[in-house]
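Data block below; observations after.
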Amino acid sequence: MPIAETRNTNPKNLISGATGDWEVIIGLEVHAQVLSASKLFSGASTEFGGEPNDHVSLVDAAMPGMLPVINEECVKQAVRTGLGLKAKINHRSVFARKNYFYPDLPQGYQISQFDQPIIGEGEIIVEVGPDRQGEFEEIRVGVERLHLEQDAGKSLHDQHPTMSYVDLNRSGVALMEIVSKPDMRSSEEAKAYINKVRTILRYLGTSDADMEKGNLRADVNVSVRRPGEPFGIRSEIKNVNSLRFAGQAIDYEARRQIGVLEDGGVVDQETRLFDPAKGETRSMRSKEEAHDYRYFPDPDLLPLEFDDAFVEALKADLPELPDEKRERFQSDFGLSAYDTDILVSDRAIADYFEAVADGRDAKQAANWVINDLLGHLKKAGETIETTPVSAAQLGALLDLQSEDVISGKIAKDVFEIMFSEGGDPRDIVEARGLTQVTDTGAIEKLVDEVIAANADKVAQVAEKPSMIGWFVGQVMKASQGKANPQAVNKLLKDKLGLD
Amino acid sequence: MSVDSNTVKRVAHLARIKVSDEEAEALKGELNTILGFVEQLGEVDVEGVAPMTSVMPMAMKKRADVVNDGGKADDIVGNAPAAEDHYFQVPKVVE
């Protein structure tokens, strides 16, 4: 079946070779671990880690006579994900055996879905960027399908000189494989796509999508062609487990294929492995024969069927998704595209922001969350989940500022204290005597002192009124930041004879 | 449909079953007999008939998402030819 062309060639995505321009075509298979307490077909725990073979039932170890029974929650999670991807929900799907031999696959086959997956075609809107101008480009990436399948066990090769060690704790854990259409045209787009899939899964609560734990992995299909020509022959890069590696693998592989073609060669359709240490891909010829998977319907499992009511009930409980949240933040709060993209990138950040913005100035709340909170979290190696400053506390800090109890400068200092030592901003301000000086008499005294000590500058300011900023700075400094800047400004203008 | 001895050997290799040339020849005969028997089904006209998945019309049985199994690593590796610290030991497999 020919693959439909959905994108127009964008010159900025082209790669120039020795003999002209090339366009890279990328499709992705993302494997996400389903968030569930127990495995897809057994009652053993899915918990990460654990003692070797401790989270394993006789079903997961493929003992003779054991039969798989599907976990209904995993089915619901797949349907929720399908709804989140605006995809077709198949009310009837079939599990099939994908046969291959490997020591960490005790059944000798993976239970997967083949020609009748649980979820059909959908679409993901992906924001690519920001570019140097701070602009995002919106692209649409088609979803071909989503299916449920079992994870395999884990082999350790460094425990013994001649033996590999096999732990089946992951064996049988439910995975969702999300297959995209070949709709991406640069490594930037592919990375943004993976990121968006991760965000959607985390919003839905259907996968924690943690790449570091291996809960989100991608296989990358890459081919190159001359702009406007039919798709070229692709290679598949297996098990890329970070965004950075995905980008490196694609860029390397595109360059490699262009090199082969420009030398008059032919790209092999093959499986390749990305080597992060060398930043290159290499052929995995040993896997080629194993590609003969001899799929057939699993006779242990009836077709998976559900009705409309089942889907509608899940739809009714779906949370607000990132695209809808983005739209609402922009229209209700008037936030920029840049700010909204950061805030909606993580559901926990969006929730935090909304709690701070509730009843307050949204733009100001966004600035504090993005510049101060997220900046500090990143520097401290913390996340929004482990933030030492709660949304209520940050909100209270904003209130102190809007009530003119403290100045903006002092607010930043109080935030530093809240972040490093903890505590309620009102208590901190009170205990440390940081309350803004609004007593005009006290400020006037400071203003007079600064003017008296800087006669030369006073002469200049008459010529150059913008120099008032320097005076404001000096008075603020003299007050240790506690003077109300508006009051200082007004007094200075009066005394210096500016309007 | 029938298989030749090369196909028999390839399928055996995919399943990691060691089959000698003589055995492959013998298996070829047996498999072709089975395939020939199954092929008789092709005589039935099933145009427009959905594949039957169960004799009784029944829905797939489902489990609730509760952890009620595991914690039996001794049993899991109990029959393994080689094990250490509850890991299975297998001949080294590295890509």
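The values are calculated or read from the model by the stated rules, or taken from the named source; none is laboratory data. Just so it is clear, the structure is predicted and the values come from calculations on it, not from any experiment. Heads up, the Cβs are rebuilt from the backbone with ideal geometry, glycines too, and the neighbour counts pull from every protein chain shown.
Quick check: anything in the stretch A:199-210 without any contact (Cβ under 8 Å) to a residue 24 or more places away in the chain, farther than 14 Å from A:I124 by Cβ and not assigned by TED's automatic domain parsing to the domain that holds A:V344? Don't jump to the end; show me each part of the working.
First pass over the stretch A:199-210, keeping only residues without any contact (Cβ under 8 Å) to a residue 24 or more places away in the chain: A:210.
Pick out the ones that are also farther than 14 Å from A:I124 by Cβ and you get A:210.
Narrowing further to those that are not assigned by TED's automatic domain parsing to the domain that holds A:V344: A:210.
Yes: one or more hits.
Hey, among the residues in the stretch B:32-69 that are β-branched (V, I, T) and under 21 Å from the mean Cα position of the chain (by Cα), which one's modelled with the lowest pLDDT?
Taking the candidates together, the pick is B:T53.
Scan the stretch A:228-240 for residues that are more than 12 Å from A:L261 (Cβ to Cβ) and surrounded by fewer than 15 Cβ atoms within 10 Å (Cβ to Cβ) and jot them down. Reasoning before the result, please.
Start the filter on the stretch A:228-240 by keeping residues that are more than 12 Å from A:L261 (Cβ to Cβ), which leaves A:228, A:230-231, A:234-240.
Correct list: A:G228, A:P230, A:N239.
Find the residue count for the stretch A:126-166, including only residues that are of a type in the set (A, V, I, L, M, F, W, C) and closer than 30 Å to B:A83 by Cα.
4
Evaluate the stretch A:305-312: report whether one residue or more is within 20 Å of the chain's Cα centre (by Cα), away from chain B (no Cβ under 14 Å), closer than 30 Å to A:E149 by Cβ and in a helix (DSSP H, G or I).
no
Would you pick out the residues in the stretch A:2-24 that are touching a Ser or Thr at 6+ places or on another chain (Cβ under 7 Å) and charged (D, E, K, R)?
If the condition is that a residue be touching a Ser or Thr at 6+ places or on another chain (Cβ under 7 Å) and charged (D, E, K, R), then A:E23 is the only one that fits.
If A:E123 passes every condition in (1) without any contact (Cβ under 8 Å) to a residue 60 or more places away in the chain; (2) touching a helix residue (DSSP H, G or I) at 6+ places or on another chain (Cβ under 7 Å); (3) in a strand (DSSP E or B) but one, which one does it miss?
(2)
Mind counting the residues in the stretch A:55-93 that are surrounded by fewer than 20 Cβ atoms within 10 Å (Cβ to Cβ), within 11 Å of chain B (Cβ to nearest Cβ), touching a residue at least 24 places away in the same chain (Cβ under 8 Å) and part of a loop (DSSP other than H, G, I, E, B)?
Of the residues in that region, 3 qualify.
For residues that are more than 27 Å from A:N241 (Cα to Cα) and in contact (Cβ under 8 Å) with a residue 12 or more places away in the chain, scanning just the stretch A:8-54, find the one that is surrounded by the most Cβ atoms within 10 Å (Cβ to Cβ).
A:G43
For the stretch A:19-55, give me the residue count where each residue is under 26 Å from B:Q89 (Cα atoms), touching a Leu at 6+ places or on another chain (Cβ under 9 Å) and of a type in the set (F, W, Y).
Qualifying residue count for the region: 1.
Determine whether A:E236 is out of contact with any helix residue (DSSP H, G or I) (no Cβ under 6 Å at 6 or more places or on another chain), in a loop (DSSP other than H, G, I, E, B), more than 14 Å from chain B (Cβ to nearest Cβ) and over 30 Å from A:I349 (Cβ atoms).
No: the conditions fail for A:E236.
So A:R347 passes all but one of these: (1) surrounded by 15 or more Cβ atoms within 10 Å (Cβ to Cβ); (2) of a type outside the set (D, E); (3) assigned by TED's automatic domain parsing to the domain that holds A:Q107. Which condition number does it fail?
(3)
Which one of these does B:A64 not meet: (1) under 19 Å from B:S5 (Cα atoms); (2) touching a helix residue (DSSP H, G or I) at 6+ places or on another chain (Cβ under 8 Å); (3) free of Cβ contacts under 8 Å to residues at least 24 places away in the same chain?
That leaves (1) as the condition not met.
Could you please find all residues in the stretch A:149-193 being without any contact (Cβ under 8 Å) to a residue 60 or more places away in the chain and in a helix (DSSP H, G or I)?
Selection gives A:K191 alone.
Taking the stretch A:31-54 only, how many residues are closer than 17 Å to A:D104 by Cβ, in a loop (DSSP other than H, G, I, E, B) and either touching a helix residue (DSSP H, G or I) at 6+ places or on another chain (Cβ under 6 Å) or more than 7 Å from every other protein chain (Cβ to nearest Cβ) (or both)?
9
When the stretch B:66-81 is examined, which residues are found to be facing chain A (nearest Cβ under 7 Å) and aliphatic (A, V, I, L, M)?
Step one: of the stretch B:66-81, the residues facing chain A (nearest Cβ under 7 Å) are B:66-71, B:73, B:76-77.
B:V66, B:V67, B:A73, B:I76, B:V77 - these are the residues of the stretch B:66-81 that are facing chain A (nearest Cβ under 7 Å) and aliphatic (A, V, I, L, M).
Looking at A:Q133, A:Q107, can you tell me which residue is under 30 Å from A:N13 (Cβ atoms), assigned by TED's automatic domain parsing to the domain that holds A:L302 and either assigned to a loop (DSSP other than H, G, I, E, B) or among the polar types (S, T, N, Q) (or both)?
Of the residues listed, the single one that is under 30 Å from A:N13 (Cβ atoms), assigned by TED's automatic domain parsing to the domain that holds A:L302 and either assigned to a loop (DSSP other than H, G, I, E, B) or among the polar types (S, T, N, Q) (or both) is A:Q133.
Can you tell me which condition A:E189 does not meet? The list is (1) surrounded by fewer than 19 Cβ atoms within 10 Å (Cβ to Cβ); (2) of a type in the set (D, E); (3) under 30 Å from A:P11 (Cβ atoms), and all the others hold.
With (1) surrounded by fewer than 19 Cβ atoms within 10 Å (Cβ to Cβ); (2) of a type in the set (D, E); (3) under 30 Å from A:P11 (Cβ atoms) applied to A:E189, the lone miss is (1).
Anything in the stretch B:22-63 that is under 30 Å from A:G43 (Cβ atoms), among the small types (G, A, S) and out of contact with any strand residue (DSSP E or B) (no Cβ under 8 Å at 6 or more places or on another chain)? List them, or say none.
Of everything in the stretch B:22-63, just one residue is under 30 Å from A:G43 (Cβ atoms), among the small types (G, A, S) and out of contact with any strand residue (DSSP E or B) (no Cβ under 8 Å at 6 or more places or on another chain), namely B:S54.
Looking for something within 29 Å of the chain's Cα centre (by Cα), surrounded by fewer than 19 Cβ atoms within 10 Å (Cβ to Cβ) and not β-branched (V, I, T) - is there at least one such residue anywhere in the stretch A:105-115?
Scanning the stretch A:105-115, I find at least one residue that is within 29 Å of the chain's Cα centre (by Cα), surrounded by fewer than 19 Cβ atoms within 10 Å (Cβ to Cβ) and not β-branched (V, I, T), so the answer is yes.
Within the stretch A:316-328, identify whether any single residue is part of a helix (DSSP H, G or I) and either assigned by TED's automatic domain parsing to the domain that holds A:Q116 or farther than 25 Å from A:N195 by Cβ (or both), and answer yes or no.
Yes - at least one qualifying residue is present in the stretch A:316-328.
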